[in-house]
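The values are calculated or read from the model by the stated rules, or taken from the named source; none is laboratory data. Treat the numbers as computed from the prediction; the structure is a model and nothing was measured. Virtual Cβ from ideal backbone geometry, glycine too; neighbours counted across all protein chains shown. Note: accessible area is taken over every heavy atom of the protein model, side chains too, but ligands, DNA and RNA are not part of it. Shrake-Rupley method; radii C 1.70, N 1.55, O 1.52, S 1.80 Å.
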2 protein chains.
Amino acid sequence: MIRLIIDCFGGDLSPQANVEAAVMALKDEKTFPDLSLILTGDAEKIQAELDRLSFKSDRLTIEHAPEVIDCNDKPTDAIRLKRESSMMKAIRMLREDDTIGGMVSTGSTGALVAAATLRVGRLKGVIRPAFCPVLPTMNGGIVAISDSGANVECNPEMLRQFAVMAARYLEAVYGVKEPRVALLNVGVEEEKGDDLRKQTYALLKETPGLNFVGNMESRDLLSGKFDLVVCDGFAGNVLIKSTEGACLQMLKKLKTDISSSLLYKLGALLMLPMFKKEKEFMNYQNYGGSVLLGTKKVIVKGHGSATATSVLKCIEQAYRMEMNNLNLKTEEELCALLAEKSEQKTEVDN
Amino acid sequence: MIRLIIDCFGGDLSPQANVEAAVMALKDEKTFPDLSLILTGDAEKIQAELDRLSFKSDRLTIEHAPEVIDCNDKPTDAIRLKRESSMMKAIRMLREDDTIGGMVSTGSTGALVAAATLRVGRLKGVIRPAFCPVLPTMNGGIVAISDSGANVECNPEMLRQFAVMAARYLEAVYGVKEPRVALLNVGVEEEKGDDLRKQTYALLKETPGLNFVGNMESRDLLSGKFDLVVCDGFAGNVLIKSTEGACLQMLKKLKTDISSSLLYKLGALLMLPMFKKEKEFMNYQNYGGSVLLGTKKVIVKGHGSATATSVLKCIEQAYRMEMNNLNLKTEEELCALLAEKSEQKTEVDN
């Protein structure tokens, strides 16, 4: 049995979207043959949603938590002061109950990262957890970014860990074989970039079991030539937000331009199915959440405005990570890498 | 008389595009009432282009330089070994001849930055020169990025100088009044980001004559809400390349999707003028080059594949910078800032 917690509050469409996703997951026994869910949040409101959906199951329990952490709460204050919130209740259960594998939340990112790091803790060997979202590429594939913003200051060993953790994640959850790992840099040549990039390049090159293919310039993110891009959280955040921003701004401009002429409107009408597909393609709701890699329990952060479909995707991500024992395997691999490193160091010291 | 050098080799369309742009500039006495140009490169080839265009003028001279620096040359080797290249000849003349105001090149970026910094030198007070390209925004305006890649490692005072230099540049060349300056960051709140961002935020806030409006997330680059984005060269490079990359990849995808159906093709035909406008809007050839701010002489780097129109824009950028005495004014302002800073320091020390 895989047990997961759904934090039912804190998102724009909470608790409806979160509860509905939980119900959808429990009904889909083909995708989730072995799932049991715990919903945290205001019990009355959650029950009202379940009643609305006429759903009842012994694989679903509610854990009452009257408070909600919202995005105006300062993360460190939130986790200290809002102990009875749906998110902190979930975090506490994760820490205390070994039979629970992970959680999904659409609440405050800052509070979730802080709580995950301070209360749930890191896997053995992990320096810092990393956020790893996945984007669609122009040729129908996907590309992951690790780290997309959990750590604005990084060292080379952290970046190597982001690479290893995300590569194993892509294999386990998306079935990508030997993911092509690239280092985000200002040019493709090996000697490009600052010290962080140069040292990370050298480390990635010698990491066993990693299909490192070299540097990548940000313009190639969606090209389909790479499965995983490794970067510090500052650059990763700039990368993902500018890519999403440019696509959205362009679509918006197209829309404005089309509405300026009757002829264009007619043309657009003929192309309606295509535009709909395009919009669907860029709809982040279809791509689930951002996984926080490196914490002791599986943690998936859904978008603040996640719909039920999107939360369902998050549940699937968490389920597959647990099903594949991703955390256990990652821990073993990272510990082996650290052991090797300290051996090398000892050799040098001798 | 404003005297500028055109490095006629090193670009994909060199020397044709470069020579043609020089001729166009000299013919347009309304935009350039007071211009004289020096063309560096293989004299025979340049003369052949001039003959092809049947152009002759006593405001144009050729300086023979048989070698060409290409993008495979390592920058530091190139400036040391290819002394007889069109670029290094231009750099030498810039350094030695006080009557020459600046240069335009479509050659190797790395070599140009290295030569500009090492041979031409910085303005008094400038810690490091910065690249400052300009992009079109979705509402028909422009936005500048400073630095877009000349410095991958920066400190807060450097970022403040990038802001001041670029703000004065926008005023002088594009007539932007009190440019709205933003700091690229992972969130809009003041306390966001790493130490570099936090310290830079504090510095920008207290800089006189700077219209600092706070942090900007990369997704808002093209929104039209900002005139200038300040960042270290690594983040700036990620920002500009991912924005351009996403726009181009999207256009490419639209094109592929359109060609998949006869109905879509018909629709696109009706929208042809719009698509053409869209393509023109995103065509970087229309936006001139990236200015290297902070060097003793004006240096404009055109795109490697710059057409004549694009090189002409670069000449216009250089001309306006010279006409407005931008370097002199920038130098005075930066020196005043540094003096103020050392005064504050002395006060603290006392």
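The one condition from (1) within 23 Å of A:E244 (Cα to Cα); (2) open to solvent by less than 10 Å² (accessible area, probe 1.4 Å) that A:K313 does not meet is (2). All of A:G294, A:G302, A:G245 fail the test of being in contact with a Cys (Cβ under 6 Å, 6 or more places away or on another chain) and within 23 Å of A:A150 (Cβ to Cβ), apart from A:G302.
The residue list B:M250, B:M282 contains one member that is open to solvent by less than 70 Å² (accessible area, probe 1.4 Å) and without any contact (Cβ under 8 Å) to a residue 40 or more places away in the chain, which is B:M250.
Quick one: would you say A:Y264 is modelled with pLDDT under 95 and open to solvent by 50 Å² or more (accessible area, probe 1.4 Å)? The answer is no for A:Y264. For the structure I just gave you, tell me whether B:L328 is within 12 Å of chain A (Cβ to nearest Cβ), surrounded by fewer than 24 Cβ atoms within 10 Å (Cβ to Cβ) and part of a helix (DSSP H, G or I). Judged against the criteria, B:L328 is not a match.
Every residue, every condition in (1) β-branched (V, I, T); (2) open to solvent by less than 10 Å² (accessible area, probe 1.4 Å); (3) within 19 Å of B:V311 (Cα to Cα), yes or no:
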{"residue": "B:A65", "(1), (2), (3)": "no, yes, no"}
{"residue": "B:N72", "(1), (2), (3)": "no, no, no"}
{"residue": "B:D77", "(1), (2), (3)": "no, no, no"}
{"residue": "B:R83", "(1), (2), (3)": "no, no, no"}
{"residue": "B:A90", "(1), (2), (3)": "no, yes, yes"}
{"residue": "B:D98", "(1), (2), (3)": "no, no, no"}
{"residue": "B:V104", "(1), (2), (3)": "yes, yes, yes"}
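If you go through segment A:135-189 and keep only what is open to solvent by 20 Å² or more (accessible area, probe 1.4 Å) and more than 14 Å from chain B (Cβ to nearest Cβ), you end up with A:I142, A:P156, A:R168, A:E171, A:A172, A:Y174, A:G175, A:V176, A:K177, A:E178, A:R180. Looking only at residues of segment B:16-61 that are farther than 15 Å from B:V311 by Cα, among the polar types (S, T, N, Q) and not in a loop (DSSP other than H, G, I, E, B), we find that the one that is least open to solvent (accessible area, probe 1.4 Å) is B:S36. Residues of segment A:256-289 that are within 14 Å of chain B (Cβ to nearest Cβ) and either among the small types (G, A, S) or in a strand (DSSP E or B) (or both): A:S259, A:S260, A:S261, A:G267, A:A268. Among the residues of segment B:74-96, is there at least one that is farther than 24 Å from B:L292 by Cα and touching a Ser or Thr at 6+ places or on another chain (Cβ under 9 Å)? Checked against the condition, which is being farther than 24 Å from B:L292 by Cα and touching a Ser or Thr at 6+ places or on another chain (Cβ under 9 Å), segment B:74-96 yields no hits at all.
For segment B:217-241, which residues satisfy the criterion of being within 28 Å of A:I145 (Cβ to Cβ), more than 10 Å from every other protein chain (Cβ to nearest Cβ) and not aromatic (F, W, Y)?
B:K225, B:L228, B:V229, B:V230
Of all the listed residues (B:L170, B:L94, B:L159), the sole one being in contact (Cβ under 8 Å) with a residue 40 or more places away in the chain, under 18 Å from B:E322 (Cβ atoms), of a type in the set (A, V, I, L, M) and in contact with a helix residue (DSSP H, G or I) (Cβ under 8 Å, 6 or more places away or on another chain) is B:L94. So in segment B:205-223, with the set limited to residues that are under 11 Å from B:V188 (Cβ atoms) and hydrophobic (A, V, I, L, M, F, W, C), which one is most open to solvent (accessible area, probe 1.4 Å)? Looking at residues that are under 11 Å from B:V188 (Cβ atoms) and hydrophobic (A, V, I, L, M, F, W, C), I get B:V213. Within segment B:106-130, if we keep just the residues that are under 12 Å from the mean Cα position of the chain (by Cα) and open to solvent by 10 Å² or more (accessible area, probe 1.4 Å), the residue that is farthest from B:K297 (Cα to Cα) turns out to be B:T109. Before we move on, is A:I299 farther than 30 Å from B:L251 by Cα and either within 14 Å of chain B (Cβ to nearest Cβ) or in a strand (DSSP E or B) (or both)? Answer is yes for this residue.
For segment A:224-247, filtering for residues that are touching a residue at least 40 places away in the same chain (Cβ under 8 Å) and either part of a strand (DSSP E or B) or open to solvent by less than 30 Å² (accessible area, probe 1.4 Å) (or both) leaves 16. Listed by first and then second residue, the pairs with beta-carbon distance under 8 Å, at least 6 apart or on different chains, first residue in segment A:309-328 and closer than 15 Å to A:L26 by Cβ, second acidic (D, E) and surrounded by 21 or more Cβ atoms within 10 Å (Cβ to Cβ), are A:V311/A:E20.
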